[in-house]
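For reference, the structure is listed below as structure tokens.
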Amino acid sequence: MAELTVAAGLARELMELAIAKGASQVELVRRSGIDPALLVDQDNRIAFSNYVALMRAGKELCHDPALALHYGESNDMSEISLVGLISSACETMLHAFEQLNRYGRLVVEFDGPRERFRLERDAEGLWVVDNREHADEFPELTESTFARMICGPRRLGVPRFAKAGANSITIHVEPEAKHDVGKTLRQIQDTGCRAGLTLNPETPFDLIEPFLHKIDLLLIMTVHPGFGGQPFRADQMQKVKRARSLNGEINIEVDGGINAETAKLSIKNGANVLVAGTSIFHSNDYAKAIRELRGE
């Protein structure tokens, strides 16, 4: 059986990210066994095993165990492969998903069924499943692909979300979001949608102050986005209080660890919109849980 390969553009972008994060190019080349000359043309093919070695070397040399996630978040597939251009031209995410399954081997060859991904629904929700054989031997490929699926839609542009029916769009202010915050807010408002900013727990309040009177909603995260059930971080209330003192009209939303008690604390500090998941869906009476959040 012929050895599996990946597009050279995929390896080139990964190497460039690792170098930007402090890895030595000489050491990356040595450990991965990749000939740099092959990376000049993004349509060349690189042995899958060499790509695996490059990812592992990059994680170690950058001291970044989440390198695969950061890679999927930061790179634009339309700049690497025709597959990205095809997906970007699709009208819907479902159509893009179908095209990724159809042409994905042009980017990454893999062992397994023809379609690498499938949608699977269970009692907890809808899941995207990676059908690769022995996927756990190189989970970084799944990590980078799923990160790209999550972060890629933002490159499609604000108008597509508005066209799909959104009337309020909230964006992150953190530098990792890699966008011009002011420009994106104007794009949102130009579509007629309400514009909001989101602030992660570790993000300083100073980053949103220049925009506080230009937005309709400020979302203060009291947990780091990722999964439900995390404990409420009361230290984030200082941001809520500060925002309310600077803008008495803005909607201030709090998300993370919200229950009947933390809801009271959030409202006391100036919040008027609350997001709750675990405290409602883990209760026996949804309606009662919601009334308690409202203080009824």
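Any read-out appearing in this document is the output of simple, stated calculations on the displayed coordinates, not a laboratory observation. Being a predicted model, the structure only gives us computed values, none of them experimental. Every residue, glycine among them, receives a Cβ derived from its backbone with ideal geometry; neighbour counts consider all protein chains shown.
Quick notes on this structure:
- Residues whose placed amide H lies under 5 Å from that of GLY257, excluding near-sequence neighbours: GLY229, GLN230
- Per-bin percent of Cα-Cα distances, region 1-156 [5 Å]: 2, 9, 18, 23, 22, 15, 8, 3, 1, 0
- The string of couplings for region 279-296 from the Karplus curve (6.51, -1.76, 1.60, θ = phi - 60°) is 5, 8, 6, 9, 8, 7, 9, 4, 4, 5, 4, 5, 4, 5, 5, 7, x, 8 Hz, one whole number per residue in order, with x for Gly and Pro.
- DSSP beta bridges in the chain [antiparallel fraction, %, rounded to 5]: 35
- Calculated FRET value between SER49 and ALA89, using beta carbons and R₀ = 51 Å, to 0.05: 0.95
- The helix-based estimate of mean residue ellipticity at 222 nm for the chain, built from -39,500 (n - 2.57) per DSSP H run of four or more residues and divided by its residue count, is -12000 deg cm²/dmol to the nearest 500.
- Taking other residues whose beta carbon is less than 12 angstrom from the beta carbon of ASP285, and scoring Lys, Arg as +1 and Asp, Glu as -1, yields +1.
- Gain in span if fully extended, GLU16 to GLN42, counting 0.36 nm per residue against the direct Cα distance: 8.0 nm
- Among MET149, MET237, the order by Cβ neighbours within 10 angstrom, fewest to most, reads MET149, MET237.
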